[in-house]
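Read through the structure below, which is laid out as structure tokens, and then see the notes.
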Amino acid sequence: MALKPSAQELKLARKSLLVFALSVPLLFSLIGFGLILQGTPVWPGPVSLPVQRGPILSSEGAVLAEGSAEARRYPQGRLAANLVGFSGALQPDGRFGLEGLEYSMDARLESGEPVRITIDPVIQAAAERHLHEAAAKHSAASGAVAIIETGTGRILAAASFPSFNPAENPAASDQDQLVNRVFMEAYEPGSVMKPFVIAALLEDNRLSIEESIPAAMSRRVGNKTFRDVTFHEPILSVQDILRFSSNTGMINLTERFDSNELYQWFAKFGFGQDLRVEGMFTRSGILNPWERWVPQDHASATIGQSLSTTVLQLATAYSIFANDGMLFQPRLLEDAQVDAPRQVLTTNVAKSLRSMLTYTVEESGLRNSRVPNIQVAGKTGTADIFDHAEGRYLEDTYALTFVGMFPAEVPEVTIVVSLQRTPEGSTSTTVAGPLFREIGTEVAARLGINPRPEVLAKQR
């Protein structure tokens with residue numbers, strides 16, 4: 001039988017319980033105080049608001065995006081939307097950014113750090129406006145414009161069509177509107193590839209500028225017949241091959257290279273290679289291994305078919321001519337770490353190509369691509385479009401490109417304009433050339449590129 005505790009024992013027990021009850025809060029208070037002194041909060045406070053996401057700024061400090069991830073604001077509306085992208089709720093991959101810089105620079109932006117890009121808002125706005133107008137006028141399905149500053153590789157504009165407004169629930173937009181076409185859309189560019197073959201032949205001393213080249217109106221290679229569009233004499237000078245954009249003349253020239261040599265030169269210009277741009281995802285385009293080429297592939301590559309590139313790759317490669325033979329890695333972030341420029345062509349060869357491309361603009365049907373009172377060096381490209389879904393080239397629809405730089409003597413900018421899936425009857429001369437002129441005119445005004453007296457006299 002258990003003994004009952006005495007009255008004194010009960011009294012002591014009650015005192016012990018009381019002391020314990022009073023000591024526990026004191027103990028926790030002391031522990032909490034100690035933790036506070038160490039900088040560690042004792043109890044979780046209320047849920048903190050999202051950290052203010054860093055802004056995205058243009059080169060001049062114009063705010064392109066600001067505010068927290070879930071309440072992001074885009075003060076410039078559609079301007080550079082395909083570059084900037086948009087953000088939203090936290091995603092399974094731990095990012096708030098959903099497209100563009102908002103996605104690729106998510107970690108930096110979430111830390112509150114600003115991201116300043118090289119885009120000039122005035123030039124970007126002009127490129128977007130004229131691109132959208134040209135696409136609508138000529139019933140193009142899509143298009144892109146890239147503008148690169150000579151000597152730095154800074155991307156002054158990167159416009160895409162179609163586009164979207166990041167402030168209007170872009171997640172519900174047609175996915176086609178979200179594509180950053182300058183960086184991500186690869187296509188067969190056509191005759192804008194021809195100057196690279198001539199430059200390579202000159203660099204390897206396999207061609208003299210003074211040569212005359214056979215250029216019939218048609219020629220069969222392998223199982224394919226290549227034809228020239230513009231009528232010309234059967235024998236052409238090197239610069240007239242570019243002026244008339246002669247396919248057969250180019251094919252005759254490129255036979256001075258074997259397929260491996262031609263492939264290596266295209267790779268030196270950056271085609272088919274990774275084009276790293278800090279802060280942005282890019283595509284490389286396709287340059288199939290030369291071992292897989294059949295004779296018609298060798299010929300097709302020469303005229304810009306059977307290989308693909310992006311508008312940014314084209315702008316970077318043409319900038320080699322503008323930079324006296326140096327290739328500058330393109331730059332989108334103002335604080336980006338870029339590779340040192342590398343010499344691809346000698347200065348003399350680069351200047352020779354600029355001279356030929358100036359002649360091409362001045363002496364052909366490209367007069368409507370001229371920037372008023374400023375000499376332009378440039379080339380067109382009209383190419384068939386391969387539909388991968390259907391496994392064939394489309395009929396009566398084309399990719400139209402114009403690449404130009406100015407002032408031709410010492411270029412300050414290189415501009416590429418491209419329109420995709422334009423209808424039958426459209427040519428780069430009548431569509432892409434005038435688009436280049438409209439954009440180039442505003443770029444020249446923005447950068448203060450002044451006309452030279454001799455150019456003024458020549459263009460009157």
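Descriptive notes on the structure:
- Listed pairs K351/K379; K224/K379; K224/K268; K137/K379 exceeding 20 Å between Cα atoms: K224/K379; K224/K268; K137/K379
- Simple Cβ-charge dipole of the chain, Lys/Arg +1 and Asp/Glu -1, about Cα centre, in debye nearest 20: 1160 debye
- At least 20 Å along the helix axis (C-alpha) and Kyte average at least 0.0, DSSP helices within the chain: 7-37, 433-447
- Virtual spin-label span in nm between A136 and D204, 7 Å along Cα→Cβ: 4.8 nm
- The modelled label-to-label distance for the pair E363/Q273, using points 7 Å beyond Cα in the direction of Cβ, is 3.2 nm.
- Near the amide H of S237, within less than 5 Å, lie the amide hydrogens of I213, all on another chain or at least 5 residues away, with H placed in the peptide plane.
- Counted by neighbouring Cβ atoms within 10 Å, the residues L394, L109, L287 run from fewest to most as L394, L287, L109.
- In this structure the amide hydrogen of V221, modeled in the peptide plane, comes within under 5 Å of the amide hydrogens of F226, none closer than 5 places in sequence on its chain.
- Amide proton proximity set for E99, modelled H, under 5 Å, gap of 5+: F86
- Cα→Cβ-extended label distance, 7 Å offset, between A445 and D384, nm: 4.2 nm
- Since only M356, T397, G94 are under comparison, the one whose Cα sits farthest along the positive direction of the charge dipole of the chain, derived from C-beta charges on Lys, Arg, Asp and Glu, is G94.
- Put in order of Cβ neighbour count within 10 Å, fewest first, the listed residues D204, D274, D240 become D274, D204, D240.
- Couplings for region 212-225, taken from phi via the Karplus curve 6.51 cos²θ - 1.76 cosθ + 1.60 with θ = phi - 60°, read 10, 10, x, 8, 5, 6, 8, 7, 9, 10, x, 9, 10, 9 Hz in order; Gly and Pro are left as x.
- Whole-number Å³ per residue for the convex hull built on Cα positions in the chain: 225 Å³
- Value of relative contact order over region 310-356, rounded to a whole percent, pairs C-alpha under 8 Å and six or more apart: 38 percent
- Remark: E99, E233, E110 ranked as E233, E110, E99, counting other beta-carbon atoms within 10 Å and listing the fewest first.
- Calculated on alpha-carbon atoms, Rg and Dmax of region 56-117 in Å: 10.6, 35
FYI, it's all coordinate maths here, none of it is from the lab. Small disclaimer: the values here were computed from a predicted structure and weren't measured. Note: ideal-geometry Cβ built from the backbone for every residue, glycine included; neighbour counts use all protein chains shown.
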